[in-house]
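Everything below concerns the one structure shown next.
Taken together, the values in this text are just the output of simple stated rules run on the coordinates, not laboratory data. Values in this document were obtained by computation on a predicted structure and should not be read as measured data. So basically every Cβ, Gly included, is an ideal-geometry build from the backbone, and we count neighbours across all protein chains shown.
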Amino acid sequence: MQTVPASSGNAVEATRARNPGIDLLRGLAIVLVVLNHLGLRIPLKQSALADVLPPWLLSRLNYNGYEAVFVFFVISGFLIAGNALRRRGSLERIDLRAFYARRFARIVPCLLALILVLSVLHLLGVQDYVIHREGQSLPRAIVAALGLHLNWYEGRTGYLPGNWDVLWSLSIEEVFYIGFPLVCLATRRRGVLMLVLGALALSMPWTHAALRGNEIWQEKAYLPGMSAIAIGVLGALLAAHWRLPPRRTSGLLGWLGAVGLIAATIFGAAMWQLLRDGYLLLLAVSALCLLLACEQRQRRGPWQPWRGLGWLRSWGRLSYEIYLSHMFVVFAVVRIFRLAGGDPRWGHLWYLLALPLCWLLGKAVERWLSLPCERWLRARLLRPRTAAAAPVAMAVD
């Protein structure tokens, strides 16, 4: 999830560095996350928009943040596994040191900066940032965030303040990627690896249903999220060994993915009644169909899906930075909204302020923190030969 331009020294990798369709899907997912966190505090269904749009549709726009994170999981597995395949030709020959170095350089700078800022705000007693729930403390929250078990910690003690809470998905994703290259090296055979990944992917409905009884843990447990990442990895393996299919096949994949994604998000209640916990599997497979369609379209040459959506693709390019920082904007806008009287009829207008500010903050974080830190770390953690190609890799990790 990076905006670094592709290196001009490798034309093949340069064309693969940015897939506009995947950026568009990531942009949609991060916008849904932001709409969710705004909607929990300023619901669109209570605004004047309800006079012209169905309240159920406004509710779905506000309450698909959880589903959007699962889409991120699928995208992450697809891109990171696909990147490893292009570098090494096979996941069984994955470079352990380089893999971990790239993940460290991408994830840790923003994570450490966020934890530092949140710790200072807690110690200063700033409202919305103080950890006050019984059984929780700042030192324990820091350990949970850095130890990649903040999801488990919340499942045991309750929700942390919003800026801390977003780190639950990072705990799942990075635990997966700690074990992923080890499993690849241990299995040594693609068939065995695909069997393991397939079992994990298909387990999603059952692992999600088995955790019913603890709402927080059910939403944030490791296995359902890892199942979505595994689906993305399987998709990358399929794409790497799939000859370019006819345009009609790629188009069919795209339409199937779009219909499935709409069904699981806009008509999520009906899908839940029909599929129960299987609706998450529908969501993940639909996201994968869209990713495969975008990948196949990219192989045919440069393209730009739907003119006028460049702004949404830019959200996708900044999705990691926006995800970690957007709650600062949400809390600030909600605070001003309430000080201004908090009239829910005009709540939708505050979205017009919050959304651009989220993008601007994400852009600032990328420009002044994540991008320079990632370049600096990669130059020192990777071998010279790998470091030279780092700008290309950064574009899709």
Check: Among 24-31, 197-204, how do they line up from the highest to the lowest mean number of other beta-carbon atoms within 10 Å?
Finding: 24-31, 197-204
Notebook entry, point to check: So for the range 160-242, what percent of the C-alpha to C-alpha distances run longer than 14 Å?
Noted result: 67
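Would you calculate the volume per residue, in Å³, of the smallest convex hull containing every Cα atom of the chain? Show your work: numbers first, answer last.
Details: hull volume 58.0 nm³, N = 397.
Convex hull volume per residue, Cα atoms: 146 Å³.
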Check: If r is the Cβ-Cβ distance from Val183 to Val143 and R0 is 30 Å, what FRET efficiency results, to the nearest 0.05?
Finding: 0.70
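How big is the Cα convex hull of the range 148-203 in projection, averaged over all directions, in nm²? Mind dumping the intermediate values first?
Details: hull surface 18.3 nm².
Computed as one quarter of the Cα hull surface, the answer is 4.6 nm².
Rounding to the nearest 20 debye, state how big the charge dipole of the chain is about its Cα centre with +1 on each Lys and Arg Cβ and -1 on each Asp and Glu Cβ. Before the final figure, lay out the partial values.
Working: 42 positive and 21 negative charges, 305 e Å.
The dipole magnitude comes to about 1460 debye.
Mind checking which helices in the chain clear 20 Å along their axis (Cα) and have mean Kyte-Doolittle hydropathy of 1.6 or more, DSSP H runs only? Can you show the working numbers first?
Numbers: long enough: 20-39 (28 Å, 1.44); 65-88 (34 Å, 0.92); 96-123 (39 Å, 1.51); 168-187 (29 Å, 1.26); 222-240 (27 Å, 1.81); 247-265 (27 Å, 0.82); 278-299 (32 Å, 1.05); 319-339 (30 Å, 1.22); 347-365 (27 Å, 1.28).
TM-like helix candidates: 222-240.
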Next item on the list: With label points built 7 Å along Cα→Cβ from the Cα atoms of Phe104 and Trp376, find their separation and express it in nm.
Entry: 1.5
Notebook entry, point to check: Counting only the backbone N, which residues of the range 66-100 are under 12 Å from the spot 7 Å out from the Cα of Ala210 toward its beta-carbon?
Noted result: none
Checklist line | Diffusion constant of the range 213-295 at 25 °C, which comes from Stokes-Einstein with the Kirkwood Cα-pair radius and 0.890 mPa s, µm²/s | finding: 178
Notebook entry, point to check: Each residue of the range 208-217 in turn: what ³J(HN,Hα) in whole Hz from Karplus with 6.51, -1.76, 1.60 and θ = phi - 60°, glycine and Pro shown as x?
Noted result: 5, 5, 5, 9, 4, x, 10, 4, 5, 5
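Net charge near Phe331, counting Lys/Arg +1 and Asp/Glu -1 over other residues with Cβ under 9 Å of its Cβ?
Working: positive: Arg41, Arg335; negative: Asp128.
Summing Lys/Arg as +1 and Asp/Glu as -1 gives +1.
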Next item on the list: Starting from the amide H of Gln136, placed 1.01 Å from N in the peptide plane, find each other amide H under 5 Å away whose residue is 5 or more places distant or on another chain.
Entry: none
